[in-house]
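**Q** Let me give you the structure first, and then I'll get to my questions.
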Amino acid sequence: MTGPNRSRPTLVAEKRYSGQPKAAASKPRRKPSGGGGGKRRPPAKRRAPRGPLGWIWAMVAWIFRVIWGVSWRIGLVVGIIIAGAVIYTATTLPPVSELVDGRARGSVTLLDRSGQVFAWRGDQFGGMIDAQTVSPHLHNAVVATEDKRFYRHFGISPRGVASAIRINMREGRGPLEGNGGSTITQQTAKLLCLGTPYDPETWESEAEYEADCRRTTLARKVREAIYAMAMEVSYSKEDILTIYLNRAYLGAGTRGFEAAAQRYFGISANEVNPSQAAILAGLLKAPTTYAPTNNLQRSWDRANVVIGLMEDQGYLTAAQARDARDNPAGLSAAAAARAGGYFADWVMDSGPEFFTRNTTEDVIIRTTLDPRIQSAAEEALIWVFENKVREGSEAQAAIVVMSADGAVRAMVGGRNTQASGAFNRATQALRQTGSLFKPFVYATALELGMSPNDIVVDEPFCMTVPGSGEWCPSNYSRDFSGAVTLTEALTRSLNIPAVKVSEQVGRDNVRTIAEGFGVQSDLAAGPSLALGVSESTLIEMTGAYAGILNGGSSVTPYGLVELRLQGDDVPLMGTGGGIGERVIREDAARQLTWMMHNVVQNGTGQRARVDGWQIAGKTGTTQAARDAWFIGFTGDYVAGVWMGYDNNTPLTGVTGSGLPAEIWHETMTRVLTGMQPVPLPMQAPPEPVRAAPVNGGGQQGRDPIVDLLNAILGGGN
């Protein structure tokens, strides 16, 4: 039955839940939602916690929301500004080819007499290299050392900056002091001075300009970052690395890796091996400190660190790294020798300023330097000081070797034979010459007709000097020899005969002859002129003696043979010195050479003798032995040696006949080894000894020829 009054049978589900209260059973079912579920109630709102903590929490949340809202908007604006600055800067960047050589100065490359490079001056640039064609070892060494994430960043490395700041703070420095965390791109931006070129009218010097470019203020760091990112927009990674490889300073005046590879190894940067590349890349940290020409061992130690980085980053295998460490790079012959530094400085100082010291061009200068003779002079000086001079002595010495025409073949300006830019005692030290001046007294006498065999009396002698009173010269030995020939007087370096002869022939004539031979210093006006109280330089006196060797003509010492611009075949200028006008007759010069040969054979210069060779020369020792000299010559070369203290302290137990003569001997022994002996251009006097002695001041014994020539030359006192 299904009528309304018929009762419904009980369902199974109802029986299952029959134990529940009827009120619960009578609740209406929830309608299915979509898939059959009932409609869900909205979640109940979470009530804010009440009390002080609730209010504090609400306030913090509100502040955070405000800060976040302001920050992301400011960040967005700043980002837009930075992006605009980067894009604008990128549009102003020039082509890469215009950025590889940013030197304000040019370079000077000096060649020896055979055309081989021996020195560099100025800012050396070896020519443009490309990051894609340079030696892969050098490419990898630079990236491994300076910026291992170079190919993964966008110009700046936040991780690197954070690490650098952490290191600086840990070591007690300011956050921007010390480690900079700069990428190669940032370093390149700094090398470009953020696009600001050097202007001589704005900056007092290039050094001041570069110092300003290296400033690390916060504002400059921001500009540097913008410029670096602009470079990343405009240039490829290889372009940026190309600029860096060409502009980095690498010590010894080299700009760029090509110049450095040529300077240190004598090869192109395209050819360097792993060991050489490690040395070059190691220079980037501190170019002067790690320059191999300054300290090769320190350079090797730094290179080992670079090799380790290359191995860690997979640029070198373990075997390649081991080979690089076991076979450290050696310097080229020119770089290792570092010869002729004083000579190079002298050439630079004596040449035209706009092509030497302040050149804006790349200049090639061919010089007179002979590297074999230069090495001989350096070795001789070192040997004598190591074996003949007491340890701890601060005495100095200088050497000049030149040909008879004044071509300087070697120059040592001090005991530090490898110095560059140092005080050059061969060219800059004005020192009293002492008895070294006496040959000019006898040259005057011979020119005026006297003979090497003429007699002069060595005896107590005084004369009145106007304004000074009585003056009585004495000999070094404090005794007297009586009647001696002019040759004997010079051989034994007697003072009284030299003064007498000078007075006899006329001081003005002596001064004229000395100046004619090239002694340009201010010569004394009194009778002490004959004893060398005037000052001169070693190169000046050596040049004067070269005039005696060449037969009596003046000589201007020179080192520059030819100057031309790099890439040009036509020289801009040629030799700046050589043989000049005749000063004394050739036969007078030959007789004087004979007299000076006797000085070496029988007199004060005996320590300078070289077996198998004819040597002529003269010693010189000044008052209180403050200066000691020896200048002598063979048939080919003139060499001069000076020894003394820079502060004029007297030498102890040293005269011109001692250590200076020994230095000369050691130098010329090395120079003459393997050469055939060349006879001196000398002439013994033909005429007999004259009876009339030279008195010096009176009329007795005066030669009528001397009187005639004095009248012509205006000499006499």
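**Q** Find all pairs meeting these conditions: Cβ atoms under 7 angstrom apart; at least six residues apart or on different chains; first residue within the range 85-108 and of a type in the set (Lys, Arg); second residue assigned to a loop (DSSP other than H, G, I, E, B).
**A** Close Cβ pairs satisfying both conditions: ARG103/ASP123; ARG103/PHE125; ARG105/ASP123; ARG105/THR359; ARG105/THR360.
**Q** Taking into account only those residues within the range 422-442 that are of a type outside the set (A, V, I, L, M) and in a loop (DSSP other than H, G, I, E, B), which is surrounded by the fewest Cβ atoms within 10 Å (Cβ to Cβ)?
**A** Going through the range 422-442, the residues of a type outside the set (A, V, I, L, M) turn out to be 423-425, 427-428, 431-435, 437-440, 442.
From what's left, in a loop (DSSP other than H, G, I, E, B): 423-425, 427-428, 433.
Details: PHE423: 14, ASN424: 23, ARG425: 23, THR427: 22, GLN428: 17, THR433: 30.
So, considering only residues that are of a type outside the set (A, V, I, L, M) and in a loop (DSSP other than H, G, I, E, B), the one surrounded by the fewest Cβ atoms within 10 Å (Cβ to Cβ) is PHE423.
**Q** Another question about this same structure. For the range 626-660, how many residues meet the condition of being assigned to a loop (DSSP other than H, G, I, E, B) and not polar (S, T, N, Q)? So that I can check it myself, show each step before the final result.
**A** In the first step, residues of the range 626-660 are kept if they are assigned to a loop (DSSP other than H, G, I, E, B); the result is 626, 634-636, 645-658.
Imposing the further condition that a residue be not polar (S, T, N, Q) reduces the set to 626, 635-636, 645-646, 650-651, 653-654, 656, 658.
Total meeting the criteria: 11.
**Q** For the range 613-625: of the residues being part of a loop (DSSP other than H, G, I, E, B) and modelled with pLDDT of 95 or more, which is least open to solvent (accessible area, probe 1.4 Å)?
**A** As a first pass, look at the range 613-625 and keep what is part of a loop (DSSP other than H, G, I, E, B): 613-615, 622.
When the remaining residues are screened for being modelled with pLDDT of 95 or more, the result is 613-615.
Working: TRP613: 30, GLN614: 66, ILE615: 2 Å².
By that ranking, first place goes to ILE615.
**Q** Here is a further query. Being hydroxyl-bearing (Ser, Thr, Tyr), closer than 30 Å to ARG626 by Cα, open to solvent by 10 Å² or more (accessible area, probe 1.4 Å) and not in a loop (DSSP other than H, G, I, E, B) is true for just one of SER375, SER393. Which residue is that? Steps first, answer last, please.
**A** Values: SER393 fails: not in a loop (DSSP other than H, G, I, E, B).
Unique residue meeting the criteria: SER375.
**Q** Tell me, which residue of the range 333-352 that is part of a loop (DSSP other than H, G, I, E, B) and open to solvent by 20 Å² or more (accessible area, probe 1.4 Å) is nearest to ARG415 (Cα to Cα)? Even if it seems obvious, please write down each step before you answer.
**A** So in the range 333-352, the residues part of a loop (DSSP other than H, G, I, E, B) come out as 338-340, 351-352.
The next check asks that each one be open to solvent by 20 Å² or more (accessible area, probe 1.4 Å); those that pass are 338, 352.
Values: ARG338: 14, PRO352: 28 Å.
Filtering the range 333-352 for residues that are part of a loop (DSSP other than H, G, I, E, B) and open to solvent by 20 Å² or more (accessible area, probe 1.4 Å), the one nearest to ARG415 (Cα to Cα) comes out as ARG338.
**Q** Still on this structure, please answer the following. Starting from the range 563-583, take each residue that is within 20 Å of SER107 (Cα to Cα) and list its partners that are modelled with pLDDT of 90 or more and basic (Lys, Arg), counting only C-beta distances under 8 angstrom and pairs at least six apart or across chains.
**A** Close Cβ pairs (under 8 Å, with a partner that is modelled with pLDDT of 90 or more and basic (Lys, Arg)) amount to LEU563/ARG366; VAL570/ARG564; PRO571/ARG564; LEU572/ARG564.
**Q** Identify all residues within the range 628-649 that are open to solvent by 10 Å² or more (accessible area, probe 1.4 Å) and touching a strand residue (DSSP E or B) at 6+ places or on another chain (Cβ under 9 Å); write none if there are none.
**A** We begin by selecting, within the range 628-649, every residue open to solvent by 10 Å² or more (accessible area, probe 1.4 Å); these are 635-637, 645-649.
Result: ASP636, TYR637, TYR645, ASP646, ASN648.
**Q** Confirm whether GLY658 is open to solvent by less than 20 Å² (accessible area, probe 1.4 Å) and at pLDDT below 95. Give the steps one after another, and end with the answer.
**A** Values: open to solvent by less than 20 Å² (accessible area, probe 1.4 Å): yes; at pLDDT below 95: yes.
So GLY658 passes the test.
For (1) modelled with pLDDT under 95; (2) outside any loop (DSSP other than H, G, I, E, B), each residue gets a yes or a no:
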| site | (1), (2) |
| --- | --- |
| GLY251 | yes, no |
| GLN262 | yes, yes |
| ARG302 | no, yes |
| VAL306 | no, yes |
| ALA321 | no, yes |
| PRO328 | yes, no |
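**Q** Which numbered condition trips up GLY551, out of (1) free of Cβ contacts under 8 Å to residues at least 40 places away in the same chain; (2) open to solvent by less than 30 Å² (accessible area, probe 1.4 Å); (3) at positive phi?
**A** (1)
**Q** If you take the residues of the range 222-262 that are among the aromatic types (Phe, Trp, Tyr) and open to solvent by less than 10 Å² (accessible area, probe 1.4 Å), which of them is nearest to the chain's Cα centre (by Cα)? Spell out how you get there, then give the answer.
**A** From the range 222-262, those among the aromatic types (Phe, Trp, Tyr) are 227, 235, 244, 249, 257; that's our starting set.
Those still in the list that are open to solvent by less than 10 Å² (accessible area, probe 1.4 Å) too: 244, 257.
Details: TYR244: 23, PHE257: 17 Å.
Among residues in the range 222-262 that are among the aromatic types (Phe, Trp, Tyr) and open to solvent by less than 10 Å² (accessible area, probe 1.4 Å), the one nearest to the chain's Cα centre (by Cα) is PHE257.
**Q** Limited to the range 263-289, what total is found for residues that are surrounded by fewer than 23 Cβ atoms within 10 Å (Cβ to Cβ), within 18 Å of the chain's Cα centre (by Cα) and over 13 Å from PRO328 (Cα atoms)?
**A** So the answer is 6.
**Q** OK, next. Among LEU111, LEU99, LEU93, which is within 30 Å of GLY559 (Cα to Cα) and open to solvent by less than 30 Å² (accessible area, probe 1.4 Å)?
**A** Working: LEU99 fails: within 30 Å of GLY559 (Cα to Cα); LEU93 fails: within 30 Å of GLY559 (Cα to Cα).
After applying the criteria, what remains is LEU111.
**Q** Let me ask you something else. Considering only residues that are part of a loop (DSSP other than H, G, I, E, B) and crowded, with 17+ Cβ neighbours inside 10 Å, which ones fall in the range 507-520?
**A** Across the range 507-520, the qualifying residues are PHE517, GLY518, VAL519.
**Q** What number goes with the only condition from (1) touching a residue at least 24 places away in the same chain (Cβ under 8 Å); (2) touching an Asp or Glu at 6+ places or on another chain (Cβ under 7 Å); (3) more than 30 Å from GLU386 (Cα to Cα) that SER481 does not pass?
**A** (1)
**Q** For the structure I just gave you, tell me whether PHE150 is aromatic (Phe, Trp, Tyr), at pLDDT 90 or above and over 29 Å from the mean Cα position of the chain (by Cα). Reasoning before the result, please.
**A** Values: aromatic (Phe, Trp, Tyr): yes; at pLDDT 90 or above: yes; over 29 Å from the mean Cα position of the chain (by Cα): yes.
Yes; evaluated as a whole, the condition is true for this residue.
**Q** Give the range 595-605 a look and list any residue that's open to solvent by 20 Å² or more (accessible area, probe 1.4 Å) and touching a strand residue (DSSP E or B) at 6+ places or on another chain (Cβ under 8 Å), or say none. Can you show your working first?
**A** Initial filter on the range 595-605 (open to solvent by 20 Å² or more (accessible area, probe 1.4 Å)): 597-598, 601-602, 604.
Selection gives HIS597, THR604.
**Q** With respect to GLY127, is the statement that it is out of contact with any Lys or Arg (no Cβ under 9 Å at 6 or more places or on another chain), at positive phi and at pLDDT below 90 true?
**A** Details: out of contact with any Lys or Arg (no Cβ under 9 Å at 6 or more places or on another chain): yes; at positive phi: yes; at pLDDT below 90: yes.
Considered against the rule, which asks whether it is out of contact with any Lys or Arg (no Cβ under 9 Å at 6 or more places or on another chain), at positive phi and at pLDDT below 90, GLY127 comes out as yes.
**Q** Go through the range 408-421 and report how many residues are crowded, with 24+ Cβ neighbours inside 10 Å and either hydrophobic (A, V, I, L, M, F, W, C) or in a helix (DSSP H, G or I) (or both).
**A** The initial filter retains those residues of the range 408-421 that are crowded, with 24+ Cβ neighbours inside 10 Å, namely 408-413.
Those left that are additionally either hydrophobic (A, V, I, L, M, F, W, C) or in a helix (DSSP H, G or I) (or both): 408, 410-412.
The qualifying residues number 4.
**Q** Suppose we filter the range 547-588 for residues that are in a strand (DSSP E or B) and of a type in the set (Asp, Glu); how many remain? Walk me through how you get there before you give the answer.
**A** Just the residues of the range 547-588 that are in a strand (DSSP E or B), to begin with: 553-556, 558, 560-565, 573, 578-582.
Keeping just the survivors that are of a type in the set (Asp, Glu) gives 562, 581.
Result for the range 547-588: 2.
**Q** Exactly one condition in (1) open to solvent by 50 Å² or more (accessible area, probe 1.4 Å); (2) more than 19 Å from LEU538 (Cα to Cα); (3) not in a helix (DSSP H, G or I) is false for VAL610; which is it?
**A** Of everything listed in (1) open to solvent by 50 Å² or more (accessible area, probe 1.4 Å); (2) more than 19 Å from LEU538 (Cα to Cα); (3) not in a helix (DSSP H, G or I), VAL610 misses just condition (1).
**Q** Oh, and also: Considering only the range 354-367, I want to know if a residue exists there that is at pLDDT below 95, farther than 18 Å from MET643 by Cβ and among the aromatic types (Phe, Trp, Tyr).
**A** yes
**Q** From the residues in the range 196-221 that are assigned to a helix (DSSP H, G or I) and within 17 Å of TYR244 (Cα to Cα), which one is least open to solvent (accessible area, probe 1.4 Å)?
**A** By that ranking, first place goes to CYS213.
**Q** Does GLU177 qualify as being part of a loop (DSSP other than H, G, I, E, B) and either open to solvent by less than 40 Å² (accessible area, probe 1.4 Å) or at pLDDT below 80 (or both)?
**A** In short, yes.
A quick yes/no check of all residues on (1) closer than 19 Å to THR604 by Cα; (2) surrounded by fewer than 24 Cβ atoms within 10 Å (Cβ to Cβ); (3) out of contact with any helix residue (DSSP H, G or I) (no Cβ under 7 Å at 6 or more places or on another chain):
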| residue | (1), (2), (3) |
| --- | --- |
| THR444 | no, no, no |
| SER451 | no, yes, yes |
| VAL457 | no, yes, yes |
| PRO466 | no, yes, yes |
| CYS472 | no, yes, yes |
| ASP479 | yes, yes, yes |
| LEU490 | yes, no, no |
| SER493 | yes, no, no |
| VAL505 | no, no, no |
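The values are calculated or read from the model by the stated rules, or taken from the named source; none is laboratory data. In this text the structure is predicted, and so the values were computed from the model without any measurement. Every residue, glycine among them, receives a Cβ derived from its backbone with ideal geometry; neighbour counts consider all protein chains shown. Note: areas computed on protein heavy atoms with side chains; ligands, DNA, RNA excluded. Shrake-Rupley method; radii C 1.70, N 1.55, O 1.52, S 1.80 Å.
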